[in-house]
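Following this message is one structure expressed as C-alpha cells.
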Amino acid sequence: MFLAHCLLQAKELLEEAGFAKDGQTVVLGGALIAGFCAAACSLPFDFVKTRIQKMEKLPDGSYPYKSPIDCAVKTFREEGALKFYTGFPTYCLRIAPHVAFTLIFVATLPKLEAKIGL
C-alpha cells in the first residue's frame with residue numbers, strides 16, 4: 001500500500017514536470033523514487049533486527065536488549081536517530097532496484113495481458 005502510494009505520488013510529480021503521462025520515464029522514475037522510499041522506511045527496522053540477531057551476552061550473563069523496542073529506544077537515546085541509517089547507501093542500492101523492478105513489472109503486466117488478450 002505504502003509503495004503504491006509512493007509510486008503514484010512520484011508519477012504525478014514527474015508528469016507535472018513535463019514527462020509524458022504513463023510514459024517509460026514516468027514509470028521508471030516513479031519506481032526508483034518508490035524504491036528509495038522503501039529503503040528509507042525499512043532500514044530502521046532492519047537495523048534493529050540486525051542488532052538483536054548479533055547481540056552477545058554481557059559479562060554478567062544478561063543480554064543488552066530485552067526486545068526490539070528496547071533496542072530501538074536504547075539506540076535512539078545513546079546514539080541518536082541517525083544511527084538507524086548507518087549503511088543507508090549500501091542498503092538503498094540493494095533494496096531500491098528490487099522494488100523498482102517489481103513496480104515496473106506490475107505497471108507493465110496489464111499492458112502485456114491486453115496485448116495477448118487476457
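The values are calculated or read from the model by the stated rules, or taken from the named source; none is laboratory data. Because the structure is predicted, anything quoted here is derived from the model rather than measured. Cβ coordinates were reconstructed from backbone atoms using ideal geometry, including for glycine residues, and neighbour counts include every protein chain displayed.
Of all residues in the stretch 55-70, how many are touching a Phe, Trp or Tyr at 6+ places or on another chain (Cβ under 9 Å) and within 30 Å of residue 4 (Cβ to Cβ)?
1
Let me ask another. Would you call residue 52 out of contact with any Asp or Glu (no Cβ under 7 Å at 6 or more places or on another chain), farther than 21 Å from residue 2 by Cα, at pLDDT 95 or above and not polar (S, T, N, Q)?
Taking the combined requirement at face value, the residue satisfies it.
Please enumerate the residues belonging to the stretch 68-93 that are touching a residue at least 12 places away in the same chain (Cβ under 8 Å) and either over 21 Å from residue 35 (Cα atoms) or of a type in the set (Lys, Arg) (or both).
Of everything in the stretch 68-93, those that are touching a residue at least 12 places away in the same chain (Cβ under 8 Å) and either over 21 Å from residue 35 (Cα atoms) or of a type in the set (Lys, Arg) (or both) turn out to be 68, 71, 72, 75, 83.
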